[in-house]
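Visitor: Quick one: structure below, then a few questions.
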Amino acid sequence: MPRSPLTAEELRSHRWFGADDMRSFGHRSRAKQMGYDAEDYAGKPVIAVVNTWSEINPCHAHFRERAEEVKRGVWQAGGFPLELPAMSLSEPFQKPTTMLYRNLLAMETEELLRSYPVDGCVLMGGCDKTTPGLIMGATSAGLPSIFLPAGPMLKGRWRDTTLGSGSDTWKYWDRKRAGTLGDQEWAEIEDGIARSPGHCMTMGTASTMTAAAEALGLTLPGASSIPAAFSPHQRMAVATGRRIVAAVWDDLRPGELLTREAFDNAVAVVVAMGGSTNAVIHLIAMAGRAGIDLPLDAFDAASRDVPVLADIRPSGAHLMEDFHDAGGLRALMAELGGLLHRDTLTINGRTLGENLDGAEVHDPAVIRPRADPLSAQGGLAVLRGSLAPDGCVLKTSAASPELLQHVGPALVFDGYEDMAARIDDEDLDVDADTVLVLRGTGPLGGPGMPEWGMLPIPKKLLRAGVTDMVRISDARMSGTSYGTCVLHVAPESVAGGPLALLRDGDVVELDTARRTLDLRVPEEELTRRRASWTPPEPVAARGYSTLFHRHITQADQGCDFDFLTGSGGVPEPAIH
Ligand code: FES
Ligand code: MG
């Protein structure tokens, strides 16, 4: 559709640099102090390159270079790039969990864009929570925004075996605990599992959320699948810088891209990728910023219609590098055909359908045809019942089919430390039918819903050959994890959800076909237990933690802060 471009005077930054007053004299003289003349910036869109580089974030190790490449593109297109660093949420290192800080990154991003003379932005993220955090903030700020995904790292290698982040860590750790893998082998795996910059190359939260960002129309076509270390990734960075300048002149804002249809596309892509359960929380929160109500049940509905096509670990066998070589996300979306809304607008000014023209699958073993999917139904089930009145999530594609219908006695752990202290106890009253329950690990309880939902299998059962059990928690699970793990139980136990009332030996019934999770305890007994239940003392908190405790919403609401949903519109700070 033809758009009439903005004039230079209509640029938001014009009020900082273009006016004839004392303040703009200050802005211009200070730009000169930074080494820039009027030729560098006058009349040009100012592009914030919001960079989540950090020396402690291996997934973003290449972002110093990539920021230069983004800026090269911005200059080429006649913009004025300024790098604005933002908090780096480094999944491997940040404790207790990066999820505690997703909303802080979102707030920082929104306020950076609000307070500085910015006309548009390039968001540089990829490691798990950075993608939703950046996009949530930019959506609320409402300025033209484009996302540059970090790209997956290259495949890992141990002897003759390909290694995938997370998934293979869990796998070989279980073998080490069972005594079938030695220290020498374990050390060799440590050497080979992460060998290049880039985010996890399995279908973890990173690969899931960057794919979702592309499906939402927030990246250039094909951007999310390119391995970080490949030169096409550099060229994509330059092209991303070029494009944002045009998007600013076109005044193409996130609100125009982020429609319910775009979110439905993102949900379908997450399902077709066999994506991380974390996407459920993040996409609900991201939609909330765009003023769109994305219900938990949208994921279940999509899972019934959309097959899993990406044969990537942990649901499948391959890794993101293979996925890129097989045609990448464009090929997968082309294969989804009519399961996507093709007329949604994307940041390059074209529709999603136009961006998919000519895309094709080069390796059907990695991107499976719809006629021969990895699984005919999607990988996510939303369950409700007396144990989870507001819902919970099960990644069926990573679960054991024989456990999807299961009745068993609960064994309850109160928090991670209790679980860690007792799980390998030889005298633990547990067998393969036991339902392992971890509570006190939700948004408030964790705090921040740590990824503890894949409870370890008790050592004595591992030795007996048990590889999966039904596990239930109010925590999350890494996208690289697997097993029959019911997650995100809402309300969480600390908020007084029924999980808080559960006792050892109570019979729990998981019926995935009916989408239910129930507690076989009489109502009167639960009422008695509730009467004697007292909420745990809040953890002593200060600063950001206080804000978090007061305002975090439950998992089914996306765990955003209650005062951050929606957008304040494009920020218009007064100049004085
Ligand atoms: Fe950064 Fe997995 S640790 S994406
Ligand atoms: Mg992760």
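The values are calculated or read from the model by the stated rules, or taken from the named source; none is laboratory data. Small disclaimer: the values here were computed from a predicted structure and weren't measured. In this analysis, Cβ positions are derived from the backbone assuming ideal geometry, glycine residues included, and neighbour counts consider all displayed protein chains. Heavy atoms of the whole protein, side chains included, go into the accessibility calculation; ligands, DNA and RNA do not. Shrake-Rupley method; radii C 1.70, N 1.55, O 1.52, S 1.80 Å.
Visitor: For residues that are touching a Phe, Trp or Tyr at 6+ places or on another chain (Cβ under 8 Å) and outside any helix (DSSP H, G or I), scanning just region 191-217, find the one that is farthest from ligand 1 (Cβ to nearest atom).
Guide: That would be 216.
Visitor: If you check every pair at least six apart or on different chains, which have Cβ atoms under 6 Å apart with a residue in region 71-91 that is at negative phi first and a residue that is within 16 Å of ligand 1 (Cβ to nearest atom) and in a strand (DSSP E or B) second?
Guide: These pairs meet every condition: 83/51; 85/51.
Visitor: Looking at region 180-217 only, could you name the residues that are open to solvent by 10 Å² or more (accessible area, probe 1.4 Å) and in contact with a His (Cβ under 7 Å, 6 or more places away or on another chain)?
Guide: Once the filter is applied, which keeps residues that are open to solvent by 10 Å² or more (accessible area, probe 1.4 Å) and in contact with a His (Cβ under 7 Å, 6 or more places away or on another chain), region 180-217 yields only 197.
Visitor: Also: Output yes when any residue across region 128-142 is within 16 Å of ligand 2 (Cβ to nearest atom), part of a strand (DSSP E or B) and buried (at least 24 other Cβ atoms within 10 Å of the Cβ), and no when none is.
Guide: no
Visitor: Suppose we keep only residues that are modelled with pLDDT of 95 or more and touching a helix residue (DSSP H, G or I) at 6+ places or on another chain (Cβ under 8 Å) within region 157-179. Which one would you say is surrounded by the fewest Cβ atoms within 10 Å (Cβ to Cβ)?
Guide: 159
Visitor: Something else about it: Quick check on my filter: what residues within region 3-52 are open to solvent by 50 Å² or more (accessible area, probe 1.4 Å) and of a type in the set (Lys, Arg)?
Guide: Of everything in region 3-52, those that are open to solvent by 50 Å² or more (accessible area, probe 1.4 Å) and of a type in the set (Lys, Arg) turn out to be 3, 15, 23, 28, 30, 32.
Visitor: Right, next: If you scan region 70-84, which residues turn out to be surrounded by fewer than 22 Cβ atoms within 10 Å (Cβ to Cβ) and not aliphatic (A, V, I, L, M)?
Guide: Within region 70-84, 71, 72, 75, 76, 78, 83 meet the criteria.
Visitor: Using beta carbons and a limit of 7 Å, which pairs, at least six apart or on different chains, have the first residue in region 461-482 and in contact (Cβ under 8 Å) with a residue 24 or more places away in the chain and the second one away from ligand 1 (no atom under 16 Å from the Cβ) and of a type in the set (Asp, Glu)?
Guide: Final answer for the pair search is 462/174; 474/492.
Visitor: Out of 154, 148, 220, which single residue is assigned to a loop (DSSP other than H, G, I, E, B), within 16 Å of ligand 1 (Cβ to nearest atom) and either out of contact with any strand residue (DSSP E or B) (no Cβ under 7 Å at 6 or more places or on another chain) or open to solvent by less than 10 Å² (accessible area, probe 1.4 Å) (or both)?
Guide: Of the residues listed, the single one that is assigned to a loop (DSSP other than H, G, I, E, B), within 16 Å of ligand 1 (Cβ to nearest atom) and either out of contact with any strand residue (DSSP E or B) (no Cβ under 7 Å at 6 or more places or on another chain) or open to solvent by less than 10 Å² (accessible area, probe 1.4 Å) (or both) is 154.
Visitor: Inspect region 93-105 for any residue being crowded, with 16+ Cβ neighbours inside 10 Å, more than 16 Å from ligand 1 (Cβ to nearest atom) and more than 19 Å from the chain's Cα centre (by Cα) and give the result as yes or no.
Guide: no
Visitor: Same structure, new question: Restricting attention to region 351-369, which residues are assigned to a loop (DSSP other than H, G, I, E, B) and surrounded by 14 or more Cβ atoms within 10 Å (Cβ to Cβ)?
Guide: Residues satisfying the conditions are 359, 361, 363, 364, 366, 368.
Visitor: Quick check, is residue 377 in contact (Cβ under 8 Å) with a residue 60 or more places away in the chain, exposed (fewer than 14 other Cβ atoms within 10 Å of the Cβ) and over 23 Å from residue 177 (Cβ atoms)?
Guide: When the stated conditions are applied, residue 377 does not pass them.
Visitor: Related question: Cβ contacts < 7 Å: first residue more than 16 Å from residue 223 (Cβ to Cβ), restricted to region 346-359; second residue open to solvent by 70 Å² or more (accessible area, probe 1.4 Å) and assigned to a loop (DSSP other than H, G, I, E, B), any location; separation 6+ or different chain. Result?
Guide: That search, which allows pairs on different chains as well, returns 351/342; 351/343; 353/342; 353/343.
Visitor: Between 277, 259, 344, 351, which is closer than 30 Å to residue 154 by Cβ and not charged (D, E, K, R)? Walk me through it before giving the result.
Guide: Working: 259 fails: closer than 30 Å to residue 154 by Cβ; 344 fails: closer than 30 Å to residue 154 by Cβ; 351 fails: closer than 30 Å to residue 154 by Cβ.
None of the others qualify; the one that does is 277.
Visitor: Filtering region 223-232 down to residues that are among the hydroxyl-bearing types (Ser, Thr, Tyr) and either part of a loop (DSSP other than H, G, I, E, B) or open to solvent by less than 40 Å² (accessible area, probe 1.4 Å) (or both), which residue is farthest from ligand 1 (Cβ to nearest atom)?
Guide: That would be 225.
Visitor: Here is a further query. Do we find that residue 217 is touching a helix residue (DSSP H, G or I) at 6+ places or on another chain (Cβ under 6 Å), small (Gly, Ala, Ser) and in contact (Cβ under 8 Å) with a residue 40 or more places away in the chain in this structure?
Guide: So residue 217 passes the test.
Visitor: Would you check which residues across region 438-473 are among the hydrophobic types (A, V, I, L, M, F, W, C) and over 18 Å from residue 400 (Cβ atoms) and list them?
Guide: 438, 444, 449, 452
Visitor: Determine, yes or no, whether residue 541 is surrounded by fewer than 15 Cβ atoms within 10 Å (Cβ to Cβ), over 27 Å from the mean Cα position of the chain (by Cα), among the aliphatic types (A, V, I, L, M) and more than 28 Å from residue 208 (Cα to Cα). If you could, list the steps in order and put the result at the bottom.
Guide: Values: surrounded by fewer than 15 Cβ atoms within 10 Å (Cβ to Cβ): yes; over 27 Å from the mean Cα position of the chain (by Cα): no; among the aliphatic types (A, V, I, L, M): yes; more than 28 Å from residue 208 (Cα to Cα): yes.
It is false that residue 541 is surrounded by fewer than 15 Cβ atoms within 10 Å (Cβ to Cβ), over 27 Å from the mean Cα position of the chain (by Cα), among the aliphatic types (A, V, I, L, M) and more than 28 Å from residue 208 (Cα to Cα).
Visitor: Okay, next question. Yes or no: residue 180 of a type outside the set (Gly, Ala, Ser), in contact (Cβ under 8 Å) with a residue 60 or more places away in the chain, on the phi < 0 side of the Ramachandran plot and not in a helix (DSSP H, G or I)? Spell out how you get there, then give the answer.
Guide: Numbers: of a type outside the set (Gly, Ala, Ser): yes; in contact (Cβ under 8 Å) with a residue 60 or more places away in the chain: no; on the phi < 0 side of the Ramachandran plot: yes; not in a helix (DSSP H, G or I): yes.
Spelling it out, it is not the case that residue 180 is of a type outside the set (Gly, Ala, Ser), in contact (Cβ under 8 Å) with a residue 60 or more places away in the chain, on the phi < 0 side of the Ramachandran plot and not in a helix (DSSP H, G or I).
Visitor: Continuing with the same structure: With respect to residue 55, is the statement that it is farther than 25 Å from residue 564 by Cβ, free of Cβ contacts under 8 Å to residues at least 60 places away in the same chain, open to solvent by 40 Å² or more (accessible area, probe 1.4 Å) and assigned to a helix (DSSP H, G or I) true?
Guide: No: the conditions fail for residue 55.
Visitor: Right, another one. Within region 94-117, is even one residue of a type in the set (Val, Ile, Thr) and either away from ligand 2 (no atom under 16 Å from the Cβ) or free of Cβ contacts under 8 Å to residues at least 12 places away in the same chain (or both)?
Guide: First, pick out the residues of region 94-117 that are of a type in the set (Val, Ile, Thr): 97-98, 109.
So of that shortlist, the ones also either away from ligand 2 (no atom under 16 Å from the Cβ) or free of Cβ contacts under 8 Å to residues at least 12 places away in the same chain (or both) come out as 109.
For region 94-117, residues of a type in the set (Val, Ile, Thr) and either away from ligand 2 (no atom under 16 Å from the Cβ) or free of Cβ contacts under 8 Å to residues at least 12 places away in the same chain (or both): present.
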